[in-house]
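For reference, the structure discussed in these notes is given below.
None of the figures in this text is laboratory data; all of them are computed from the coordinates on show. Only a predicted model underlies this, so the values are computations on that prediction, with no experimental measurement involved. Note that each Cβ is placed from the backbone with ideal geometry, even for glycine, and that neighbours are counted across all protein chains shown.
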Amino acid sequence: MRTAIDTNVLSALWSLEPSASDIAKNLGNLKTEGGLVVGAPVYAELLAFPKATESFVNNFLSETGITVDFEFQQTVWLEAGRRFARYANRRGKSTRQHPKRLLADFLIGSHALAQADRLMTLDPKRYSRDFPELKLI
């Protein structure tokens, strides 16, 4: 069973947040159940982590066995666009404001839907409304 990982999971681990040991244990368990993957948007966001270098990110991912999926299929892009459009429309009607969420969130969710069996995130509320069929950890 392949698990996609959201940026906030690895950021919390690297920041040594109180949940870091639980996150590390969960990642280890999930790895034994199947592969771990991050999509290209997650990789790009990880490069923005304070004091993270490309070398640090690459070494961490390699040492933990987390693969990076840089080549998103057309279906991932289309699904992300459709769901982002529905969200933007819903937000515009309810608050008359522009979208607050970033397209990257929808790419991460669409990638997990198409290329993994589940998504590990520290913000399940963010994904549950727009990706109700996606199994969240």
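At 7 Å along Cα-to-Cβ for each site, give me the label-to-label distance between Phe60 and Lys125 in nm.
With each label placed 7 Å out from Cα toward Cβ, I get 2.5 nm.
Among 44-50, 77-83, how do they line up from the highest to the lowest mean number of other beta-carbon atoms within 10 Å? Don't jump to the answer; show the numbers that get you there.
Details: 44-50: 14.0, 77-83: 16.4.
Packing proxy ranking, top to bottom: 77-83, 44-50.
Does a label point 7 Å from the Cα of Ala88, set along Cα-to-beta-carbon, have any residues of region 104-129 with amide nitrogen under 15 Å, and which are they?
104-107
For the peptides 54-66, 109-121, 6-18, what is the packing order when you average, over each peptide's residues, the other Cβ atoms within 10 Å and list the highest mean first? Mind dumping the intermediate values first?
Details: 54-66: 13.5, 109-121: 22.0, 6-18: 18.0.
With the highest mean Cβ count within 10 Å placed first, the list reads 109-121, 6-18, 54-66.
Could you check the simple spin-label distance between Gln73 and Ile137, using points 7 Å along Cα→Cβ, in nm with one decimal?
That separation, rounded to one decimal, is 2.2 nm.
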